[in-house]
Amino acid sequence: MSTVLLTNPASGIASVYRWGQSSLPVAAGSTRTVRVDDGAVPFVIPGPGGVPSHLPRQSPRLLFVGTDQGQEAVVELWLDVPPDLDRLTFHASGLPRDATTVGWDGHELAPFHWRCPGCAWMTAEHPLAGRSGLLAVRITVPPGPFRFTNADGLPLLLRRPQERFPYARLEVELRDPESLQALDGRVSVWRGEELLVVHDVLAGERAQITTLAGAATVRAERGIEYMAETSGVRLTAGAVRRLDFPLHRRLRPEEGWIWGDQHTHCYHNDGAHSPRAIARAARGQGLQYVFVSDSPAAFADGAASCDQTGHFLAMPGQEVDTPFCHCSGLNVLGELPHLPFGTRADRYPGPGQWLEATKRQRDANRPCLLQLNHPSHRAEVMERWPLGYFRSWWVADEHPEVTVVENFDFPSWFDRLSRGRHLTGVWNTDTHDVAHYPPGSCRVGLFTHGRITPPAIIDALRRGRAFCTRAPGALLYLEVEGKMPGDTVRGGGRLEAEARAQSAVPIQRIDLVQRGCVVHSIDGQGRRELTERFTIDRGNGQWVLALLYADAPYPDNSHCGTPFDVSGVLAFTNPVYLQ
Ligand SMILES: [Zn+2]
Ligand SMILES: [Zn+2]
């Protein structure tokens with residue numbers, strides 16, 4: 001091949017580089033022809049991430065189009081693999097599953113073992129076991145543009161290089177400057193707006209990153225409780241640069257509360273990452289628990305690998321669906337009955353059978369429950385999916401045993417609460433790509449007396465001892481006569497209540513909603529922390545909850561109109577019930 005065509009169908013400027021020289025910009029909407037055999041070796045560094053349909057704006061911007069050889073053309077890519085890596089991870093979309101082969105220089109190439117069965121995007125892990133050297137990838141060019149990226153941030157060389165690639169090395173540790181303790185967290189390396197590599201690092205580990213020499217921005221973060229820090233560095237080829245990041249707290253949850261995310265997808269289904277990577281990312285975001293929502297078998301593939309007693313727990317979940325609803329079994333041991341996603345049939349195992357199956361599995365030591373996923377009766381969602389699985393509040397209506405619902409529209413939830421239902425409302429990520437949308441970007445705060453065990457977590461969820469927030473994050477606590485969300489206050493006329501909040505961004509207001517109506521509104525006056533006492537009248541209705549409003553952008557997840565409330569709610573509590 002003598003030329004390669006690349007296109008940038010997204011926004012901004014993407015770049016093709018030439019070894020030791022400046023970059024060639026590829027503007028949005030344009031295609032660039034790159035000559036391969038003239039002078040320095042050209043290369044692309046498209047960055048991590050593999051689920052363009054869910055995260056169109058964050059997906060790598062550079063797509064391959066083909067070569068000048070027309071049909072039957074082959075694109076040949078080379079990676080100079082540095083030592084000490086266990087495996088490389090590749091993401092692709094727009095390619096047939098058999099279009100790609102890989103192998104060490106001078107050896108026969110073999111097909112990639114692609115994951116994500118039945119998806120338009122695919123993930124493959126190529127085992128290295130510490131071996132280094134030149135790796136060749138050959139791609140038979142399909143009729144349309146395609147994505148092919150290395151998630152480890154290694155450049156894809158468009159020609160076989162004659163010498164070793166001049167990598168720089170970066171080693172990063174995170175710690176809390178108050179306690180001096182090492183922290184779980186996330187390290188990413190950026191060049192301008194281009195994300196080169198993401199590493200989730202566990203306390204006590206040092207992130208070891210091999211990347212391009214030159215100017216870079218290193219970012220360290222740990223979810224919503226800590227401020228993200230960045231550092232501009234100039235990395236030198238052949239040298240190791242050590243960075244020690246102190247991460248400063250900005251939110252401090254009250255005692256007894258833990259963080260979790262109940263909805264994530266891995267590459268055993270239609271997610272881009274391994275169960276192990278999901279668990280690491282969850283710890284890196286400061287969660288105490290995460291559910292991997294594909295199947296018990298997928299969970300068994302390494303999800304529990306970074307569990308730590310009293311600190312973090314991964315649990316098996318399973319999202320099951322019909323064309324008319326999605327639900328997740330939480331803490332399920334065995335498969336729930338379902339037909340594969342997208343199957344057309346006359347009958348489907350549905351919520352009735354799923355509840356039966358969870359009931360059979362449940363015992364005192366093995367609590368599990370069924371969560372209704374993302375029902376939304378917002379007009380724009382209904383319009384887009386007239387018969388679709390977002391239009392699914394009927395599941396909660398027909399099955400009173402369903403006690404937890406996620407990512408819903410508020411008016412429909414309020415309706416059910418006002419009809420006397422005790423229905424715990426939660427926000428989850430439903431992430432399919434932990435590099436760009438990590439677990440905990442939307443999260444549940446649960447009161448478990450600080451316990452991180454399945455019984456404590458399932459019990460708190462069932463009761464509704466919960467508040468939820470999304471990045472950049474806020475803490476929101478409500479008490480009525482000393483009782484917390486999920487509890488019931490009995491008797492009384494005028495009730496003493498207190499709301500407490502901390503927020504990463506200025507608070508606009510906190511609304512107290514009783515039976516669907518705002519009965520008290522607290523002006524946040526741009527503060528980030530407030531406590532307010534007030535009274536509420538029992539006569540106004542049998543439930544009360546709090547909503548915190550702040551100016552914080554809506555999460556950029558196009559998951560088919562994921563029905564987060566877009567009106568500016570940054571956090572909400574579950575109801576305190578009044579009897
Ligand atoms: Zn779903
Ligand atoms: Zn899902």
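Numbers at a glance
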quantity: Check: segment 170-287 dipole with +1 on Lys, Arg Cβ and -1 on Asp, Glu Cβ, in debye; calculated: 360 debye
quantity: Positive-end extreme of charge dipole, segment 316-389 - chosen from 379, 367, 343 (charges on Cβ); calculated: 367
quantity: Mean Cβ neighbour count within 10 Å, used as a protection proxy, ranking 243-254, 263-274 highest first; calculated: 263-274, 243-254
quantity: Estimated dipole of the chain in Debye, rounded to 20 [Cβ of Lys and Arg +1, of Asp and Glu -1, Cα centre]; calculated: 420 debye
quantity: Protection proxy ranking, peptides 283-292, 348-357, 525-534, average beta carbon neighbours within 10 Å, highest first; calculated: 283-292, 348-357, 525-534
quantity: Candidates per trypsin sites (Lys or Arg not before Pro) in segment 290-367, loop by DSSP, up to 11 other Cβ within 10 Å; calculated: 344, 347
quantity: Trypsin sites (Lys or Arg not before Pro) restricted to DSSP loop in segment 458-495 with at most 16 other C-beta within 10 Å; calculated: 490
quantity: Pairwise centroid distance, computed over Cα atoms, of segment 71-120 with segment 207-241, Å; calculated: 27 Å
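Quick note: the coordinates plus some simple rules give every number you see, no bench work behind them. Note that this is a predicted model, so its numbers are computed, not measured. Neighbour counts are summed over all protein chains in view; Cβ atoms, including those assigned to glycine, are modelled from backbone coordinates with ideal geometry.
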